[in-house]
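Worksheet for the structure shown next.
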Amino acid sequence: MNRKWLIRRILSSLGVLAAVLVLNFVLFRIMPGDAISTIIDPSFSPEAKALLRELYGLDKPMLEQFFIYMKQMLTFNFGLSFLSRRPVWQELLSRLPSTLILMSVSMVLSSILGIWLGIKAALNRGKFVETLVLRLGAVATSFPGFFVQLVLLMLLARTFAIFPLRGSLSVPPPTGTFAIILDYAWHMTLPVLSLTLMGFGGWALYVRNLMVRVLGEDYVLMARARGLTEKRIVYGHAFRTILPPILTILLMSVPGLVSGAVITESVFSLYGVGTFLLEAVSGHDYPSAGAAFYLLALITIISNFFADIVYGLVDPRVRIEGRNR
Amino acid sequence: MKRKSYAIKNILRFKITSLTIITFIFLLVAASTSYSEVRFDPQKVYGPRIDKLCMVIIRNSDAQILAAQKGDIDIMGDMALPSDIDRLSRDSRLTMSLARGFHAFFLLLNNKAAPWDDKYVRQAAAQAIDRNNIVRTIYSGYCEPINTWLPPVSPWALPESGKVIFDRKAARAKLKSRGYSWNLAGTLVTPKGKVVPKLKLLTPLARVAPTTAELAEQIADSLHAVGFPVEVEPMDFSAMISKLDRKDYSLAVLAWGMGRNPDSLYSFYHSDMDVEGGYNVTGAKDKELDETLHRLRFAKDKAEAEKASIKAQHLLTDVVPSVPIYSRFSVAAVSRKWKNVLTTDKITADNMWTLMMAEPVDGKMRTLNMVLAEEPRNMNPFVASSAYSWQVLGMIYEGMIGSDPFTLEDMPALAESWSVKTSGSGEATHTELLFKMKQGLKWNDGSSLTAYDIKATIDFLKKNKVPRFFDSVKDVKSVEAFDDGRLIVRMNNISYWHLNNVGSLPCLPKNIIDKIKDWQNWNPLDKTGKSGPYGLIGSGPFMLETYKPGEYVMMNKNVHYRMLSNPKRNTK
């Protein structure tokens, strides 16, 4: 990894970010209607609508709106949400922990489960275990998320009332820190379980395919010939080889942690960034939607950047190629 | 033979449909009557009787249903899907409450573009639509076909609002009388001999509004049957509204919630409202209708308003700027663990009266849980615009005039009486509202509520041009408050509706209003008090205890509420 490459990579990332910033502004403004035009209330006259437009700053010339927007984005001071009239940052920060906990826990669990099952399937080719993993993986990835979540809700929260139906806390919440943590964990079990069930299949199929290919390589045969233990061969040699694509996928799915929460948070009535995004877009809340998409783009660009760097760190071939260039 | 049996089938189907709807309305009224039992005097209600009210935030409608079935929720309102209503109806632990609603669904016709620029063609279209069939097939009878421009529940709606006007033969005859003919394919040919071009019917996307999209298809079929070449075009809701605003459409389907009063007709059908951002999206323009709507909007008293309202509705039946299709019933589910639940044929159980009177059947007092379908997000009464924010704020803030649950007529709230009179002469003639406030009223912090607080509220809203209340106070000329509880509001012009507009404004204490530094960004839940005072001080039956975003809004009984001093009697 040389300095030239790094500078080129940073510059291209900044270019992408600038394009996203402009598109973020333009796309929302060329979309028909705004936060006010969809109001259909006879007690809200055109005059009152004009006052509201003024309150939201939508009466200003487009160029002026653009400069205000750019200033807000670059200084990370995203202004006030049209819908809540609270600072967008404050809204995002209040929702971020819940989304991050939900999505990162489920991502870690689904990847661990999927990778483990994928390896098991690859090691047991033609056996029942492989068939089971392949079938389960295919089923898990085929069902739409909201369907699985609603079925789980009906079964585990209604028919067998093991888990709560909604939210992240009981009403009223228990007293004491430990009790609150337990209550939170109890509420998050079903959403995390549903996301894990929906996510592990893809990992299992992907890892199984990679491992099958790698286990047939000459160096694995060589390792076996050297008398290495099966564990050493699998985890020390074969798995290490497939680690770069796995890490890439893991890093590339970081932006999805936020955007993928939309449906889950809606079904389980969770207070998070997913529902914030949904409300912002459907309510034409420009400051909120602009900030959310800007941050998503930023996370995506940073994740991709790190994915490139990490790829180079774990795969010596990439480093050598970079040096030779 | 085949045709004959088809005709018999059709007649039978029509009769069965009509019978189903009549039976349904009968059951609805019967259910409401059996529920409310006694027609008590709402002025003498004692309450609230519960100590705590919890509004649990559940966004997903399936999760709401599951919560109601599980018993986590005691009251769930605003149910729209027939399948959901059927599911909960089968649950013996719940009681369903139905009432005629304020929702109305219309087929909008662009009155400025052919062929809808001819009122007889519009009348033919109105006659061609089989509303009964739509109600039966799409909504399983959970709504009523309408032929009125006000919701049937409104005390101002004409009694003939449910009249069946479906008659394809008459529609064809009407079109023929205007010189239209039909080509071999059955498509309409204009009097000038040109085939009517494709007419696009705009509808929201099926994934957003599945029943509306299905309804649009049925309307298109109905219009097709008399020769209108209608084609459904689903599109994003905002894009559709934008097209309606520019009159860049031929046909569209749209539903809206209407108020009780008929002055909204002015907003929807007066030609002055055919402006950008105005609600006359059909572009209706009729001299006599304009004059009548003007008289309605600026009527000096109730009698004049009634006369103008009746005439305006008759004129609309003739002009047909849009075609009313149906009005959805309001449906709510209530746990049988609670008694004194009030339902009338006009309001469902999820109303303020239920929350005031409800008591557990077993006598063990506990928190009453009801669904809040969306995050309230904003608790600033000046800028909160969503219905969900006002579902909460409406428990805290009150106006001077309320609404009778049995008749929907005005009834005293903070004011014990009022009068409307016309004063001045010539150009200076104006409406003068005189309110007499009740004695001994208190805010939920225990301080006294006087006419000076109401004056401060009106003056504040007027001075700051608060958009949400702008239309209610823009014509206020002056407000005068007196020590004896009188409040005189002088308006700049004449309109009977000023009474409701001013009388229903949510009132805040003067000392709070005086401390608000930045009303636009005031967050009453911010303890630092940067933009204004902390807390929601109102005079409604409940007061905010906690708002846990994403989870719930917990409210306590307002121990200073005016109706708590009523004697414990007359409600069962």
**Prompt:** Pick from A:PHE78, A:PHE82: which is within 30 Å of A:GLY57 (Cα to Cα), crowded, with 18+ Cβ neighbours inside 10 Å, within 14 Å of chain B (Cβ to nearest Cβ) and among the aromatic types (Phe, Trp, Tyr)?
**Reply:** A:PHE82
**Yes/no for A:VAL88 being surrounded by 15 or more Cβ atoms within 10 Å (Cβ to Cβ), at pLDDT 90 or above and away from chain B (no Cβ under 14 Å)** = no
**Prompt:** Would you call A:ARG53 surrounded by fewer than 16 Cβ atoms within 10 Å (Cβ to Cβ) and either out of contact with any His (no Cβ under 8 Å at 6 or more places or on another chain) or more than 8 Å from chain B (Cβ to nearest Cβ) (or both)?
**Reply:** no
**Asked** Looking only at residues in the stretch B:59-109 that are of a type in the set (S, T, N, Q) and crowded, with 22+ Cβ neighbours inside 10 Å, which one is nearest to A:LEU270 (Cα to Cα)?
**Response** B:ASN60
**Request:** Can you give me the number of residues within the stretch B:235-250 that are closer than 14 Å to A:ILE36 by Cα and of a type in the set (S, T, N, Q)?
**Result:** 2
**Asked** Can you name every residue in the stretch B:148-178 that is surrounded by 12 or more Cβ atoms within 10 Å (Cβ to Cβ) and over 30 Å from B:LEU408 (Cβ atoms)?
**Response** B:ASP167, B:ARG168, B:ALA170, B:ALA171, B:ARG172, B:ALA173, B:LYS174, B:LEU175, B:LYS176, B:ARG178
**Asked** Somewhere in the stretch B:400-415, is a residue within 14 Å of chain A (Cβ to nearest Cβ), within 30 Å of B:PRO376 (Cβ to Cβ) and in contact with a helix residue (DSSP H, G or I) (Cβ under 8 Å, 6 or more places away or on another chain)?
**Response** no
**Item:** Of residues in the stretch A:32-50 being of a type outside the set (Asp, Glu) and more than 21 Å from B:PHE268 (Cβ to Cβ), the one nearest to the other protein chains (Cβ to nearest Cβ)
**Value:** A:PRO32
**Residue list for the stretch B:87-114, restricted to those being in contact with a Phe, Trp or Tyr (Cβ under 9 Å, 6 or more places away or on another chain), more than 29 Å from B:THR367 (Cβ to Cβ) and at pLDDT 90 or above** = B:PHE105, B:PHE106, B:LEU108, B:LEU109, B:ASN110, B:ALA113
**Request:** Would you mind listing the helices (runs of 4 or more DSSP H) fully within the stretch B:39-130 where at least 1 residues are within 14 Å of chain A (Cβ to nearest Cβ) and touching a strand residue (DSSP E or B) at 6+ places or on another chain (Cβ under 7 Å)?
**Result:** B:61-70, B:82-89
**Prompt:** When you go through (1) part of a loop (DSSP other than H, G, I, E, B); (2) crowded, with 17+ Cβ neighbours inside 10 Å one by one for A:LEU150, which number turns out not to apply?
**Reply:** (1)
**Prompt:** Looking only at residues in the stretch B:429-471 that are under 24 Å from B:MET411 (Cα atoms), among the basic types (Lys, Arg) and part of a helix (DSSP H, G or I), which one is farthest from the other protein chains (Cβ to nearest Cβ)?
**Reply:** B:LYS455
**Complete:** Among strands (runs of 3 or more DSSP E) completely within the stretch B:475-572, the ones holding 1 or more residues that are in contact (Cβ under 8 Å) with a residue 40 or more places away in the chain and in contact with an Asp or Glu (Cβ under 7 Å, 6 or more places away or on another chain) are B:486-491, B:552-557
**Request:** Scan the helices (runs of 4 or more DSSP H) fully inside the stretch A:188-283 and keep the ones with 3 or more residues being modelled with pLDDT of 85 or more.
**Result:** A:218-225, A:239-252, A:261-267, A:273-282
**Fill in**
Flagged in the stretch B:250-263 as crowded, with 23+ Cβ neighbours inside 10 Å, within 14 Å of chain A (Cβ to nearest Cβ) and either farther than 16 Å from B:TRP497 by Cβ or out of contact with any Phe, Trp or Tyr (no Cβ under 8 Å at 6 or more places or on another chain) (or both), in numbering order, are B:ALA252, B:VAL253
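The values are calculated or read from the model by the stated rules, or taken from the named source; none is laboratory data. Here the structure is a predicted model, which is why all the values come from computation and not from measurement. Counting neighbours? That spans all protein chains shown, and the Cβs are built from the backbone with ideal geometry, glycine included.
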